[in-house]
Amino acid sequence: MYLQKTLTKSPRWEALMELVELGTALILVGFLQFHLLAVSSIIVGAEAFNQDSQFLDEYYISYIGIPIVILAILVHGVAAMRKAPWRFQEARIVYQHSKRLAHLDTWLWVVQILTGGAVLILAAIHIWSTLITWPIEAKTSALRVQGGYFTFYLALLAVAEVHAMAGLYRILVKWGWWHRSRFINYLLFITAFFIVLGIIALLSFYLLNLKGLS
């Protein structure tokens, strides 16, 4: 909240920051689901996963996309965190108001703050661990999962999906693009679908036989 006062000293700047937050949020939600669908090709087999990875590298999609995603994460983080209660007194007031109001949208904002901070940390670790073992292949990915990253990726999957879907809900309701009572059921279904899909993909990596891979 203190950061919001610093970054948005005029209504025009506040409106601009809102649009920046909206644009980067939509980019990141789209990327997250595309990324999860692409990774889930491991369910079909290691060859399918490697073919997808080679396709993204061959047409420079990975080399262009990764810097854009990193930039979007940083910009979105600054734009979104300007509203966060950074001081203890502010955090206590937010908690008290959320508890008193007992309103879904208010609690979702609190959830977004908590999951957003977790996503920033976990995503940074994920990106770094991927870059140092480039190129992306089924074997290197499976080695990470089998080497102790299973719980890490499970946590990243959960907080990223919850953060993204809570944010998508708040965007659609806030900007009047969808009625909240109609969208909440779709939101729960989509979130559950992608989390289950991600868990199946993680289990596929964990159970992958590395001996037959080059």
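Under 8 Å between Cβ atoms, which residue pairs at least 6 apart in sequence (or on different chains) link something in the range 117-140 that is over 14 Å from Ile70 (Cβ atoms) with a partner that is in a loop (DSSP other than H, G, I, E, B) and small (Gly, Ala, Ser)?
That search, which allows pairs on different chains as well, returns Lys139/Ser214.
Out of the range 16-56, which residues are under 22 Å from the mean Cα position of the chain (by Cα) and acidic (Asp, Glu)? Full working, then the answer.
The initial filter retains those residues of the range 16-56 that are under 22 Å from the mean Cα position of the chain (by Cα), namely 17-43, 49, 52-53, 56.
Of everything in the range 16-56, those that are under 22 Å from the mean Cα position of the chain (by Cα) and acidic (Asp, Glu) turn out to be Glu18, Glu21, Asp52.
Could we say that Ala123 is modelled with pLDDT under 90, crowded, with 17+ Cβ neighbours inside 10 Å and part of a helix (DSSP H, G or I) here?
Criteria not met by Ala123.
Return the residue satisfying two criteria in turn: it lies in the range 126-153 and is farther than 21 Å from Asn209 by Cβ and not polar (S, T, N, Q), and of such residues it is surrounded by the most Cβ atoms within 10 Å (Cβ to Cβ).
His126
Within the set of pairs 6+ apart or on separate chains, which have a first residue in the range 186-201 that is touching a residue at least 40 places away in the same chain (Cβ under 8 Å) and more than 23 Å from Arg170 (Cβ to Cβ), a second that is surrounded by fewer than 17 Cβ atoms within 10 Å (Cβ to Cβ) and among the β-branched types (Val, Ile, Thr), and C-beta atoms under 8 Å apart?
Short answer, once both residue conditions are applied: Ile200/Ile43; Ala201/Ile43.
Do we find that Val78 is modelled with pLDDT of 90 or more, surrounded by 12 or more Cβ atoms within 10 Å (Cβ to Cβ) and assigned to a helix (DSSP H, G or I) in this structure?
Numbers: modelled with pLDDT of 90 or more: no; surrounded by 12 or more Cβ atoms within 10 Å (Cβ to Cβ): yes; assigned to a helix (DSSP H, G or I): yes.
Criteria not met by Val78.
Tally the residues that are of a type in the set (S, T, N, Q) and not in a helix (DSSP H, G or I), restricting the search to the range 126-150.
Step one: of the range 126-150, the residues of a type in the set (S, T, N, Q) are 129-130, 133, 140-141, 146.
From what's left, not in a helix (DSSP H, G or I): 133.
Summing the residues that are of a type in the set (S, T, N, Q) and not in a helix (DSSP H, G or I) in the range 126-150 gives 1.
Suppose the filter is in a helix (DSSP H, G or I) and buried (at least 18 other Cβ atoms within 10 Å of the Cβ); does Leu28 pass it?
yes
The values are calculated or read from the model by the stated rules, or taken from the named source; none is laboratory data. What you are looking at is a predicted structure, and each value in this text was computed from that prediction instead of being measured. FYI the Cβ positions are ideal-geometry reconstructions off the backbone, even for glycines, and counts take in every protein chain you see.
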